[in-house]
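*Asks:* Structure provided below as structure tokens; questions to follow.
The values are calculated or read from the model by the stated rules, or taken from the named source; none is laboratory data. Please read these numbers as outputs of a predicted model, since none were measured by experiment. Cβ placement follows ideal geometry from the backbone for every residue including glycine, while neighbour counts extend to all protein chains displayed. These area figures cover heavy atoms from the full protein model, side chains too; ligands, DNA and RNA do not enter into them. Shrake-Rupley method; radii C 1.70, N 1.55, O 1.52, S 1.80 Å.
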Amino acid sequence: MKPFHATIALLAMCLLASGCAKKLQPDNLPALSGYVTGSVAYRERIALPPDAKIVVSLEDVSRSDKSAAFVAQQTLRPSAQVPVLFNLRYIPSAINRKHSYAVRAAILDSEDELMWASTASYPVLFNEPEKPLAIVMERVIHPDPVATPPVHTSIGYKCDEIEFIAKFEANIVQILLPARTLTLPRVISGSGARYTDGVTTFWSKGDTALFEMNGVSYKGCKADPLPTLSK
């Protein structure tokens, strides 16, 4: 009888251990595919210009007190009218399941002027089974004519705790700091000109700007007319 009781006890221990492991194991979450899929469209009965491009971005929107952190982006050159399908690729290791993520989209013309942009929130729930997103954009009637300074232009900015020069080129900005220079790509924005590499962000709106670096948000940034230079 002892071997029989020992076997029963061993089985019970295995079942208990298995149940505990399931409770402790967070792997009930779906695996990350590395892609966010969906479609983009707008309500107006207006043909999409043949030279238009669609930019879809995945962003970390966890911090309400800071601008969204860039994660991934896809640029589409549509050959047909809306709705246009997208298949945005991201690096799974860059996703923190405790954070909040969202997708935004925009349509730009051949001069990179904003024509349509998403205004509602389109969250990506990485802790749930993947579902395609249906993004509906709003038409931008009056794009900001001073959103982006001319290329080959350098503008000085003074913030509360830092000073720097922003040198604008085609679709990038170089931030000239006393000890180093940062190059940031331009990303879509509902207003102003926004540049970010996912860690550092520069967002200019008229003569004011937002600058974030190393997790610190520098406030009160204003253009300084004195060091403004043209190449």
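*Asks:* Can you list, largest first and rounded to whole Å, the semi-axes you get for region 88-202 by taking the square root of 5 times each eigenvalue of its Cα gyration tensor? Intermediate results must be reported in sequence, preceding the final value.
*Replies:* Working: eigenvalues 168, 87, 26 Å².
Equivalent ellipsoid of region 88-202: 29, 21, 11 Å, largest first.
*Asks:* Which entries of Lys53/Lys222; Lys53/Lys167; Lys53/Lys98; Lys167/Lys222; Lys98/Lys205; Lys98/Lys219 have Cα-Cα distances beyond 21 Å here? Could you put the intermediate results ahead of the total?
*Replies:* Values: Lys53/Lys222 32 Å; Lys53/Lys167 25 Å; Lys53/Lys98 32 Å; Lys167/Lys222 15 Å; Lys98/Lys205 31 Å; Lys98/Lys219 27 Å.
Correct reply: Lys53/Lys222; Lys53/Lys167; Lys53/Lys98; Lys98/Lys205; Lys98/Lys219.
*Asks:* Report the calculated FRET efficiency for Glu138 and Asn171 (r = Cβ-Cβ distance, R0 = 22 Å), to the nearest 0.05. Write out the running numbers ahead of the final one.
*Replies:* On the way: r = 23 Å, r/R0 = 1.06.
Approximately 0.40, to the nearest 0.05.
*Asks:* Local charge sum around Arg194 (other residues, Cβ-Cβ under 10 Å, Lys/Arg +1, Asp/Glu -1)? Don't skip to the end; give the middle numbers.
*Replies:* Numbers: positive: Arg186, Lys205; negative: none.
Every neighbour counted, the sum reads +2.
*Asks:* For region 79-170, what does the relative contact order come out to in percent, with C-alpha contacts under 8 Å and a separation of six or more?
*Replies:* Working: 90 pairs, mean separation 16.9, N = 92.
Across region 79-170, relative contact order equals 18 percent.
*Asks:* How much length is gained if the chain between Asp109 and Ser121 is pulled fully straight, taking 0.36 nm per residue apart and subtracting their Cα-Cα distance, in nm to one decimal?
*Replies:* Details: separation 12, 0.36 × 12 = 4.32 nm, distance 2.32 nm.
Here the segment from Asp109 to Ser121 would lengthen by 2.0 nm.
*Asks:* Can you pull the accessible area of Leu58 for me, 1.4 Å probe, Å² to the nearest 10?
*Replies:* The value for Leu58 is about 0 Å².
*Asks:* Tell me the Rg and the Dmax, in Å, that the Cα atoms of region 78-144 produce.
*Replies:* 14.3, 39
*Asks:* Would you mind calculating the gained length between Ile162 and Ala80 on full extension (0.36 nm times residue separation, minus the Cα-Cα distance), in nm to one decimal?
*Replies:* Answer, rounded to one decimal: 24.8 nm.
*Asks:* Tally Lys and Arg at +1 and Asp and Glu at -1 over the other residues with C-beta under 13 Å from the C-beta of Pro123: what net charge comes out?
*Replies:* -2
*Asks:* What figure in square angstrom, to the nearest 10, would you give for the accessible area of Glu111 with a 1.4 Å probe?
*Replies:* 140
*Asks:* Can I ask one more? With Cβ to Cβ distances under 15 Å as the rule, what net charge do the other residues near Lys158 carry (K, R +1; D, E -1)?
*Replies:* Numbers: positive: Lys219, Lys222; negative: Asp160, Glu161, Glu163, Asp207, Asp224.
In short, -3.
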